[in-house]
Structures are given as structure tokens and as C-alpha cells.
Amino acid sequence: MSAESASAVQRNQVDLLDFVDWSGVECLNQNTGHSVANALKQGYREDDGLNLESDADEQLLIYMPFTQVIKLHSIAIKGPEEEGPKTVKLFSNKEHMGFSNVNDFPPSDTVVFSPDDLKGKPVIVKYVKFQNVPLTIFIEDNQSGSDITKVQKVVLYGTTNDQVLNGSYAMLIDASCGHLCLSHTCSVIVTGWSKLVSQIRDCRAPKHYHTCIHTYIISVNHV
């Protein structure tokens with residue numbers, strides 16, 4: 001699909017850089033003198049003189065694990081008008097991918113960047129498909145069709161489990177349930193995510209013997 005730019009990063013979205021597991025990051029076909037750190041790491045990616053560059057041809061395959069479960073909402077890429085990425089395929093929770101098999105798997109989303117998008121505009125992805133880790137970014141080609149692709153900056157915006165659970169607020173959770181009445185709304189206090197399942201199980205809602213979807217209003221307080 002063509003890129004759909006976000007007018008602004010939503011208030012609850014953060015730069016996921018702090019949650020990258022750097023020990024597992026890989027980039028295939030990178031020029032060792034212009035490595036992936038130039039485009040991903042804080043300080044490097046803000047330097048206009050540094051780029052991630054491809055080596056043998058225009059393609060790059062970046063594998064990014066995270067230290068916790070993340071939910072990807074949008075991606076921003078900055079690069080030159082001619083050598084900047086064009087077709088970018090994103091894969092969720094796929095490991096050990098290489099150029100020999102990357103086309104064997106359907107991407108979770110495909111974004112076609114325009115030269116205007118390469119100014120660093122956040123582009124919304126199909127975020128319902130990016131609810132897990134890790135993330136693989138396949139840069140298939142660039143704007144001009146040249147042999148070298150250059151990427152100045154990559155920013156991933158989204159949320160983490162900690163953000164969802166931290167603070168004191170109400171949220172809705174739909175849980176598949178075989179015995180709780182659909183019309184019943186259960187209000188429970190959750191002091192930790194690990195206790196959620198047991199507290200739902202202990203709910204004293206009226207019991208039925210049919211399967212239904214039960215909606216809980218859960219007050220999460222200082223997890």
C-alpha cells in the first residue's frame with residue numbers, strides 16, 4: 001500500500017528505541033563502514049553526515065528484537081531523495097530471515113515511501129498486525145533504482161506493555177469466557193498483570209453454561 005502519513009504521533013506513542021535489544025540487532029548487506037547503528041542509535045541518527053548504506057546491491061534486511069512486547073503504530077524513515085528507501089516490507093515475529101527466503105513469507109505490511117515521506121514523516125502501519133516481537137524490516141528498493149540505498153534515520157513509534165499497565169486509569173478488556181453473563185460488568189482492582197487471570201477467574205458474576213464475550217472494566221493502580 002502507499003504510505004499513509006500520520007498528522008502527528010499520538011500522545012501515548014513513544015520512540016521504541018529504548019526497548020531495542022541491541023545484542024540481537026542484525027543488518028544483512030550493510031556496508032561495514034556505514035552500518036545500521038548510524039540509522040538507529042540515538043546521536044548517530046541525528047547526524048546528517050551519517051547513513052546506513054547497502055553494499056552489494058540496493059536491498060537491506062534489518063532484524064530488530066526488543067526487550068519486551070511492543071505494539072508498533074508507525075514508522076518514520078529519513079533518507080536522500082534518490083537513494084532513500086522506496087518499498088519497505090515489515091514482518092512481525094519472524095526470525096532467521098534472509099534474502100533467500102524473505103519472499104517466501106507474506107509481509108505483515110508493505111509501505112511505499114515517497115520522497116516527501118523520506119523527510120522523516122511518521123507513516124501509520126497496520127498496527128493490529130504488530131502486537132509482538134521481533135520486527136524485521138526489508139528494504140526492497142530505493143527511489144531511483146540505484147545500486148546503493150542510503151538510510152539516515154529510522155524511528156519506530158508505538159507502545160509497550162509497561163505503558164498500558166502503568167498509572168491509575170480504567171481500560172476495557174474483552175475476554176473469552178464460558179460461564180460469565182454477557183450483561184454483567186465486573187469491576188476489579190488489578191495490582192499486577194500476572195494477577196489479572198486469577199482475579200477474573202474469581203469474579204462472582206452470575207454463571208451461565210453458554211459461551212459469551214465478557215467485558216471487564218479494570219482499574220489498574222500503580223503496577
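The values are calculated or read from the model by the stated rules, or taken from the named source; none is laboratory data. Because the structure is a prediction, the values reported are computed rather than measured. We place every Cβ from the backbone using ideal geometry, glycine too, and count neighbours over all the protein chains shown.
Looking across 78, 121, one residue alone is surrounded by 14 or more Cβ atoms within 10 Å (Cβ to Cβ), touching a helix residue (DSSP H, G or I) at 6+ places or on another chain (Cβ under 9 Å) and among the charged types (D, E, K, R). It is 78.
When residue 73 is tested against the conditions (1) surrounded by 14 or more Cβ atoms within 10 Å (Cβ to Cβ); (2) part of a loop (DSSP other than H, G, I, E, B), the lone failure is (2). Restricting attention to the range 36-53, the residues that are outside any strand (DSSP E or B) and either buried (at least 21 other Cβ atoms within 10 Å of the Cβ) or not assigned by TED's automatic domain parsing to the domain that holds residue 119 (or both) add up to 6.
Considering the range 117-151, the residues that are within 19 Å of the chain's Cα centre (by Cα) and among the basic types (Lys, Arg) include one that is nearest to residue 53 (Cα to Cα), namely 121. Residues that are surrounded by 14 or more Cβ atoms within 10 Å (Cβ to Cβ), modelled with pLDDT of 95 or more, in contact with a helix residue (DSSP H, G or I) (Cβ under 9 Å, 6 or more places away or on another chain) and under 24 Å from residue 103 (Cα atoms) occur at least once in the range 15-26.
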